[in-house]
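Structure first, commentary second.
The values are calculated or read from the model by the stated rules, or taken from the named source; none is laboratory data. The shown structure was predicted, so the numbers you read here are calculated from the model rather than taken from an experiment. Glycine gets a Cβ as well: all are built from the backbone with ideal geometry, and neighbour counts include every protein chain shown. Heads up: the accessible areas ignore ligands, DNA and RNA and are worked out on the full protein's heavy atoms, side chains in. Shrake-Rupley method; radii C 1.70, N 1.55, O 1.52, S 1.80 Å.
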Amino acid sequence: MLALYHNAMSSCSQKVRLSLAEKGLDWESRHLDLRAGDTQTADYLKLNPRGVVPTLDHDGMIVRESNVILEYLEDAFPDPSLRPRDAFGKAEMRLWTKRLDEGHHDLATASVSMGVAFRHQFLERGEAECTRLIEAVPDPVKRERRRDLIFKGLDAPVFHEAIRMWVALLRDMEAALDGRDWLAGAAYSLAEAAYTPYITRLEHLNLMGMLDGYPNLSGWYGRVTARPSYAAAFGDWNEDKYLTLMAEKGEEAWPRIQKIQTAAS
């Protein structure tokens, strides 16, 4: 039996749900509310000491970290394959997923999401409670990054760095898709499953203007969102309260973000 501890709007959870859908695998949902602290309970921390989602339980074997889970599912359920057949294609695919683990997820995407939208959820709690939640972040670097993003928003230096990282990523994706439909070869692969949630996050934040001038990438996004797996991984799980928050705050932020993007290009 496959059981997935996940969150509806988590990018890392979305990529695993994409892979599960592409492979046609049945799985049991263990949905966790991040704002309610479900990932910080003693029981969950035994499964995932970092207190993050997703976590996969395969007949009692616990697998953590989204990109590791993607590879695990590929090894455990190889048909249909989501890895390129050739060695170079496999290397390309892994370079894409490595890039997420080396900063794009934790710095670029998390910073833009927090600086544009989610900071408002914290600020509504009042300064004292907001500070308490920030101080509870165990990693001192992430703690100070979150503090800046919550209280400074788009004025936080890390926010500008996040947009520069996004500019570099979009440019590299556009180049990789020149003359081909997929990121790592001739077919949809784990690279698509890994990156679809991040472009979707731009869409949810009303920041798809960042893709202007990137026709290859725009075409790629149209292809991945047209697949049945996309509806299964996203449409069945999207939460209106978060979609509304992200869309409204993203629309407000877009003029400034466009200027930051232009300066970074």
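All of (1) in contact with a strand residue (DSSP E or B) (Cβ under 6 Å, 6 or more places away or on another chain); (2) farther than 30 Å from residue 265 by Cα hold for residue 125 with one exception: (1).
For every residue, the table says whether it meets (1) outside any helix (DSSP H, G or I); (2) on the phi > 0 side of the Ramachandran plot; (3) in contact with a Gly (Cβ under 8 Å, 6 or more places away or on another chain).
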position	(1), (2), (3)
63	yes, no, no
93	no, no, yes
96	no, no, no
100	no, no, no
112	no, no, no
119	no, no, yes
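Residue 84 meets the conditions (1) open to solvent by 30 Å² or more (accessible area, probe 1.4 Å); (2) of a type outside the set (Phe, Trp, Tyr); (3) farther than 21 Å from residue 54 by Cβ in every case but one. The failed one is (1). Working only within the range 175-222, note down all residues that are among the aliphatic types (A, V, I, L, M), closer than 20 Å to residue 163 by Cβ and in contact with a Leu (Cβ under 8 Å, 6 or more places away or on another chain). 199, 202, 208, 210, 211, 217, listed by residue number. Within the range 146-164, the set of residues being under 20 Å from the mean Cα position of the chain (by Cα) and open to solvent by less than 50 Å² (accessible area, probe 1.4 Å) comprises 149, 150, 153, 154, 158, 159, 162, 163. Residue 203 fulfils the conditions (1) within 22 Å of residue 14 (Cβ to Cβ); (2) open to solvent by less than 60 Å² (accessible area, probe 1.4 Å) except for a single criterion, (2). Only one of the numbered conditions (1) in contact (Cβ under 8 Å) with a residue 60 or more places away in the chain; (2) open to solvent by 20 Å² or more (accessible area, probe 1.4 Å) is violated by residue 52, and that is (1).
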